[in-house]
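The values are calculated or read from the model by the stated rules, or taken from the named source; none is laboratory data. The structure presented is a predicted model; accordingly, all values stated were derived computationally and were not measured. Note that each Cβ is placed from the backbone with ideal geometry, even for glycine, and that neighbours are counted across all protein chains shown. Ligands, DNA and RNA are excluded from the accessible area calculation, which covers all protein heavy atoms including side chains. Shrake-Rupley method; radii C 1.70, N 1.55, O 1.52, S 1.80 Å.
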Amino acid sequence: MSADTLITTPFGFDSTAAEVIAGIDLTGKHAIVTGSSSGIGIETARALAAAGAEVTLAVRNTEAGTRTAADITATTGNAAVDVGELDLADPRSVAAFAAGWSEPLDLLVNNAGVMAIPDLRLTPEGWELQFATNHLGHFALAFRLHDALAAAPAGARIVSLSSRGHLRSPVVFEDINFASRPYDPMLAYGQSKTANVLFAVEATRRWADDGITANAVHPGAIETTNLSRYLDPDYLGQLRVSGVYRYKTPEQGAATSVLVATSPQLEGIGGRYFEDCNEAPVVDPISAQSSGAGVASYAVDPSNAERLWERSLGTLS
């Protein structure tokens, strides 16, 4: 398939994770889903487990993860649902999780994230917390799991959850941590989500020969998840009434991730961005602000992707 040909599927905005994975058998495959004790992470893990995968819930709150695992087992009949402790903002936690992984890894869904933290917060290493959690933590996780991904018998896929919020900001390499510009919660979120797309572009370029591909997804706006916990409820209500966002259920929100992780149409394909279960076109971010559709040209720019990768490598110890 030509890189210029957008991938289209029979699915769309209203499709659910169960619908897009129907008929797909994941028996014998291993999957990790980060942030899978709430929201669309639960439904992503549930769909993969229902298809027969052995699923590890990589979560900060292992008690919530254990409850979720029990619920997924009860609803799918799949007892191979495990829980692993993972705090993406803590490099030691990421390293420990990866060091404890010993199986070939077929699917890595980088689902966890934080959004719109109201005040500037830095990690002990000095990184803005949204960038550290949403990008650097997932970058380190994938990098440390590279050998496990490369060992997957039929190739491995990484799903990198981005957002339409990436249209708000490129990665500002000169000031990622807001040291010399006013902190803005949504600009910080936006650059972290751009980083998620750039990761998919560069991971595919570097790792495709190892049988590893990565794609980015925008799951859609899902009102009832922990991701929106920092947003003013009145603001969310205004968005709902105004029609700026069409909200999805968690089952619908998980659909694009599950499709990208499992669809035969994406065999060997990476470095692309999907929304509503279809590949999105590259757009000018300024003109796309009103519609919120498409992927910004700066988010799929190969030079930006390489620059981010090299910068991210420098954070590993």
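What the table shows:
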quantity: Amide H partners (placed H, <5 Å) of Ala151, local residues excluded; calculated: Leu105
quantity: Length-normalised contact order of the stretch 77-147 in % [C-alpha pairs under 8 Å, at least 6 apart]; calculated: 41 percent
quantity: Segments 253-263, 47-57 sorted - mean Cβ within 10 Å per residue, highest first; calculated: 253-263, 47-57
quantity: Ordering of 203-214, 302-313, 268-279, 152-163 by burial proxy (mean other Cβ atoms within 10 Å per residue, highest first); calculated: 152-163, 268-279, 203-214, 302-313
quantity: Whole-Hz couplings from phi, Karplus 6.51/-1.76/1.60, listed for the stretch 23-31; x for Gly and Pro; calculated: x, 9, 10, 10, 4, x, 9, 10, 9
quantity: Kirkwood Rh in Å, taken over the stretch 1-121 so that all alpha-carbon pairs contribute; calculated: 15.6 Å
quantity: For Thr56, distant residues with modelled amide H under 5 Å away; calculated: Ala31, Ile32, Val33, Asp82
quantity: Solvent-accessible area of Val197 with every protein chain in place, 1.4 Å probe, in Å² to the nearest 10; calculated: 0 Å²
quantity: Mean Kyte hydropathy of -0.5 or more with a Cα span along the axis of at least 27 Å, helices from DSSP in the chain; calculated: 185-207
quantity: Residue with peak Gaussian network fluctuation, the chain [Cα springs, cutoff 10 Å], from Gly65, Gly23, Gly113; calculated: Gly23
quantity: For the chain, convex hull of alpha carbons as volume per residue, Å³; calculated: 128 Å³
quantity: Cα centroid of the stretch 257-312 to Cα centroid of the stretch 97-171, whole Å; calculated: 15 Å
quantity: Per-residue ³J(HN,Hα) for the stretch 106-111, Karplus 6.51 cos²θ - 1.76 cosθ + 1.60, θ = phi - 60°, Hz, x for Gly and Pro; calculated: 8, 9, 10, 9, 7, 9
quantity: Percentage relative contact order, the chain, counting C-alpha pairs under 8 Å, at least six apart; calculated: 21 percent
quantity: Mean projected area in nm² (Cα convex hull; one quarter of hull surface) for the stretch 1-58; calculated: 5.3 nm²
quantity: Residue-span extension gain [Ala18 to Ser317] - 0.36 nm each, minus C-alpha spacing; calculated: 103.7 nm
